[in-house]
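Values in this text are rule-based calculations from the coordinates and carry no lab data. Note that the structure is predicted; figures quoted are calculated from it, not measured. Heads up, the Cβs are rebuilt from the backbone with ideal geometry, glycines too, and the neighbour counts pull from every protein chain shown.
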Amino acid sequence: MNLLLDTHVLLWVALAPTRLSSLARAALADTANTLWVSPISVWEIGNKASRGKLVLNFPLPAFLDLSRRDLRYRDLALTHAHALACADLPAFHRDPADRLLVAQAQVERMAIVSADSAIRQYPVEVLW
């Protein structure tokens, strides 16, 4: 199964693994699943770190390298199709980063791993 990780999931794996649900932990550990991370998540983490709302133990590139090594995730490119799909989404979620992640999951037919209940309002498979 292709799984798109919500930004908080990428962070929780490294910084607060006990916050992950048992289903999410099992899905992330299952080597039959392919894990994907969006540049939207990288932007969101960098933005939070630069504003002092998030403290990483490493510079962002090193954090991403360690996360990629531990999770074996792949980069999911952001495309015009994703942006167009995002523009068509109803405004259930106010966070544009999360709306873009939903659009990416929809377009790419991926499940999204997320604890965010607002994402469940969209027609996308949510694993938590």
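Quick notes on this one:
- Region 2-127 - Rg (one decimal) and Dmax (whole number), Cα, Å: 13.8, 38
- Cα-projected label distance for Arg19 with Asp95, points at 7 Å along beta-carbon direction, nm: 1.0
- Loop trypsin sites (Lys or Arg not before Pro), region 55-128, which have at most 10 other Cβ atoms in a 10 Å radius of their Cβ (DSSP): Arg94, Arg109
- Taking amide H as placed 1.01 Å from N in the peptide plane, the amide H of Leu127 sits under 5 Å from that of Ile112, Val113, Ser114, each at least 5 places away or on another chain.
- Per residue, the average separation of C-alpha pairs within less than 8 Å and at least 6 apart gives the chain a relative contact order of 32 percent.
- Ranking of Ile112, Ile119 by count of other Cβ atoms within 10 Å, fewest first: Ile119, Ile112
- In order along region 91-106, the phi-based Karplus estimate (6.51 cos²θ - 1.76 cosθ + 1.60, θ = phi - 60°) of 3J(HN,Hα) comes to 7, 5, 10, 8, 7, x, 5, 5, 5, 5, 4, 4, 4, 4, 4, 5 Hz; Gly and Pro are listed as x.
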